[in-house]
Amino acid sequence: MLRIEHLTKKYGDKVAVEDLSLHIQPGELYGFIGHNGAGKTTTIKCSCGLLSFDEGEIFVNGVNVKDNPIQAKRDLAYIPDNPNLFEYLSGIDYLNFVADIFEIDKATRENKISKYADQFELTSSLATHISDYSHGMKQKLAIIAALIHEPKLIVLDEPFVGLDPIATFQFKEIMKEVCSNGGAIFFSTHILDVAEKLCDKVAIIKDGKLIRTGTMDEVKGDTSLEETFLELEKE
Amino acid sequence: MFLTLTKYSFKQYFSKKSIGKKKIRVPQWLTYVLLIVFLSVTFFSLFRELAASLFPIRMGWLYFCLVMLLSMFFMFMSTIVLAENNLFKSKYNDLLLSMPIKSSDILLSRLLEIVLYNYILELMAWIPGLIGLYFEQPFDLGQFLILIVALLFLPLITVVIGTIFGYFLNKVTSKLKNPQVFKVIGTLLFLGAYYVFIYFSDNLFEDILYAVRNFETAFTIVAPIAWFGKAVGDKNLLALLLFILSNVIPFGIMVLVLQKDYISVMTASQAKAVKVYVKREVQQKPRIVALWMREFKRWLNSYTYLINTLIGILFILAATIFVIIKADVIRSTMIVEMAGFGDLFFPVMAIIFIEGMLCTYMVSSSSISLEGQTVSQLRSLPLTAEEVLNSKLIFHYSLAAPIVLFASLTIVIITQPVFLLGLLVVLVPQLFLFITGELGLCYNLKYHKLDWANEAECVKRGGATFLSMFGNYILMGLQVAPILIFNYDIEIEMYIFYVFVVMVVLAALTYLLIMKWGCRKYSVLGE
């Protein structure tokens, strides 16, 4: 679903990501971990067509992000770490805007908005301007907007920041549901316990290079993901 | 602590970020200079006339009172906004309250910031006021020193009055579902009052002279104003002392009252009107309509953006209504009186007037910058750069086009020019509107600022906005210049037709530029 081949991204002379390759299959929940500034967000943004890159290729559902970014974006949803949404819109206006852009029919969008807004207990606040939302509410709204067009791939940067425990639990269930329906999820996180319990596969990035990748058992072995990560960071 | 806070609050005005990139500093500062020169010249001519009338009849103190009132007016208007944004709902309230800083220090540093800002505004009235006086009346050193002392204290009472208004404004707007409308109406009323004042200023001064005794009585009732006038005009030290006390005491009382429970004041404004969502049938819209609606809602929800774009359009609307009311006069008098230019005068002037007003209509020139940090969100959606940029162009055009069309058609109906000229009166302003939108978008694609903290940084102080306004005036000037150069001795209909043809070509070329270069610029925004 997401194929990153030899990705290299530089900011001037600084190499942010170097020769990174990753393959995420349909149905996989793929965690992406690394310290601050390791290159996670850069990789994620390149994957979503938000950043140009110097070398390599990225394919979303077989579509080259560089050559056909619009088609690639139709199959994915991106949720940034800091949900900078259009604050001048109300929650419902924002969801309808996203639905219009993805050309979602009336019945489907009504059904999706109703389902997920109720699930995240956001329905009563949908008329409120996003500028008046808390961080968690914005995050919930971004998640609902991402789910409206049933994307084949969801790319998330620190998705659990700001979510309350109930919303976190529900979102994890939704992530599992998306994957069980043939979708794929690629997300970065610093919460290693969550990654360990939730992910099928995990990739660890350090200083722009992928240092470990594979199934959760392959990566952590007999220890915990946290111990593995800390050991790798020391090397 | 107070000094540290004050130092950091002033850093925002002098940090590199607030000044902007080197590239956009020149037009920005040039505009500030031009604005100050324009206001100074306007007020200088008014005050000089006033000084010439008042001093010979020994009513010099009234002159100082009137300049003082104007300076207070400027300070009052800015204090309302500053008090609302800085004193009551500053975005840094939570951050500062979380630190071991006394709330009284926060209050005093913010009040000092407002007072110092008011000194600058005070000078906007007093510099032309003093220059106007210098030309008409000898001004001795003693009088000047008394004036300086009085001016040092004058902002205090204005800050008190402005803060009280700002407090109530904050209370009212926090309870409204759409506070922008309230603020826009208030601003338009203020601007209306300003223009009425300027329009009737000649008669006003005559009225003042006729009723000068009544004014003296009126000002005596408002004692601090009279004390100010007497202190400076008559070099009365007792009046100066009374004036200083009349400023310091209310200011001191206000500080004491606010200081008592400033934490409550800072946090009280967080309560907002809540809209409860009621499920309604949704409509599926085409993508371009959805993008247009997004632009419209941003415009409607931003006081700064709204007011900066509305003025020009409203002037066109007001002038059109005026033309409709005075239709008979225009038909019978103006056309005949402008014999040198024949019956073409009014239609041609209408085109120039509409274009002149459209020069200040700034929508597209800040529409890229206004995306701010949300540009990643927009770019993550399956939208082409062409779609996004077209939506901005269409929005710029569609917002003003109906009013421009209404104005053009009114002129055509009233003046009934020949067919070609009538057609051009309708088409040329529409084309000008479209081109200014295109150019504004180009400027903003080139000079954008996405990391702003306040919309005013890109709407009011954005380099692209200034460039766009100057560019528009130059474009208009290029059209008008040949008429003036040839002293109206040209075939005006054909000339406007050629202008129209050139503008069509320019519009097409600029559109191609946006679709090629502009789309490339857009596709790397925020990287």
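The values are calculated or read from the model by the stated rules, or taken from the named source; none is laboratory data. In this text, all values refer to a predicted model and were calculated from it rather than measured experimentally. Neighbour counts are summed over all protein chains in view; Cβ atoms, including those assigned to glycine, are modelled from backbone coordinates with ideal geometry. The accessibility values were calculated without ligands, DNA or RNA, using every heavy atom of the protein model including side chains. Shrake-Rupley method; radii C 1.70, N 1.55, O 1.52, S 1.80 Å.
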*Given a 1.4 Å probe and the protein chains all in place, what does the accessible area of B:L176 round to, in Å² to the nearest 10?*
60
*Could you work out how far apart the two model spin labels at B:F296 and B:D451 are, taking each label as a point 7 Å from the Cα in the direction of the beta carbon, and quote it in nm?*
3.5
_Dipole of the protein assembly as shown [Lys/Arg +1, Asp/Glu -1 at C-beta], most positive-end residue of A:A99, A:Q170, B:V67_ = B:V67
*asked:* I'd like to compare B:92-99, A:21-28: which one has the highest average count of other Cβ atoms within 10 Å, and what's the full order after that?
replied: A:21-28, B:92-99
*Counting only other chains, what is the mean number of Cβ atoms within 10 angstrom of the Cβ of each residue in peptide B:277-289?*
5
_With +1 assigned to the C-beta of every Lys and Arg and -1 to the C-beta of every Asp and Glu, and no other charges, what is the dipole magnitude of segment B:28-185 about the Cα centre in debye, to the nearest 20?_
640
*asked:* Give the average, rounded to an integer, of partner chain Cβ atoms located within 10 angstrom of each Cβ in A:87-97.
replied: 5
*Considering the options B:S367, A:G56, B:V160, tell which one lies farthest towards the positive end of the dipole of the protein assembly as shown, charges being +1 on Lys and Arg and -1 on Asp and Glu at the Cβ, about the Cα centre.*
B:V160
_Suppose accessible area is computed on protein heavy atoms with a 1.4 Å probe; arrange A:D100, A:D207 from highest to lowest._
A:D207, A:D100
*Can you pull out the buried accessible area for chains B and A, both sides counted, probe 1.4 Å, rounded to the nearest 100 Å²?*
3400
*Using only protein heavy atoms and a 1.4 Å probe, report how much of B:V363 is accessible, in Å² to the nearest 10.*
0
*Label-point separation (nm) for B:L314 and B:I263, each offset 7 Å from Cα along Cα-to-Cβ?*
4.2
*Using all C-alpha to C-alpha distances in chain A, build P(r) with 10 Å bins and read off the rounded percent in each one.*
8, 32, 36, 20, 4, 0
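Past the 49 angstrom mark, what percentage of all C-alpha to C-alpha distances in the protein assembly as shown do you count? Don't skip to the answer; put the middle values down first.
Numbers: 89602 of 289941 pairs.
Above the 49 Å cut-off, the protein assembly as shown has 31 percent of its Cα pairs.
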_From the P(r) of segment A:1-112, could you give the percentage of C-alpha pairs in the tail past 24 Å?_
36
_Evaluated over segment A:58-168, the Cα radius of gyration and Dmax, each in Å_ = 14.0, 42
*asked:* Placing unit charges on C-beta atoms (Lys and Arg positive, Asp and Glu negative, everything else neutral), compute the dipole magnitude of the protein assembly as shown about its Cα centre in debye, rounded to 20.
replied: 880
*Would you mind checking the pairs A:K66/B:K521; A:K40/A:K234; A:K115/A:K152; A:K140/B:K275; A:K10/B:K297; B:K89/B:K275 and listing those with alpha carbons more than 26 angstrom apart?*
A:K10/B:K297
*Would you mind working out the accessible area per residue for the protein assembly as shown, using a 1.4 Å probe, and quoting it in Å²?*
46
*Between A:V65, A:G37, A:Q119, whose Cα lies farthest towards the positive end of the dipole of segment A:3-147 when Lys and Arg beta carbons carry +1 and Asp and Glu beta carbons carry -1, centred on the Cα centre?*
A:Q119
*Accessible area of B:W61, 1.4 Å probe, to the nearest 10 Å²?*
10
*Considering every residue in A:120-133, what mean count of other chain Cβ atoms within 10 Å of its Cβ is obtained?*
3
*So for the protein assembly as shown: antiparallel DSSP bridges make up what percent, rounded to the nearest 5?*
55
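Can you pull out the chymotrypsin sites (Phe, Trp or Tyr not before Pro) in segment B:464-527 that DSSP calls coil and that have at most 13 other Cβ atoms within 10 Å?
Listed in order of number, the matching sites are B:F486.
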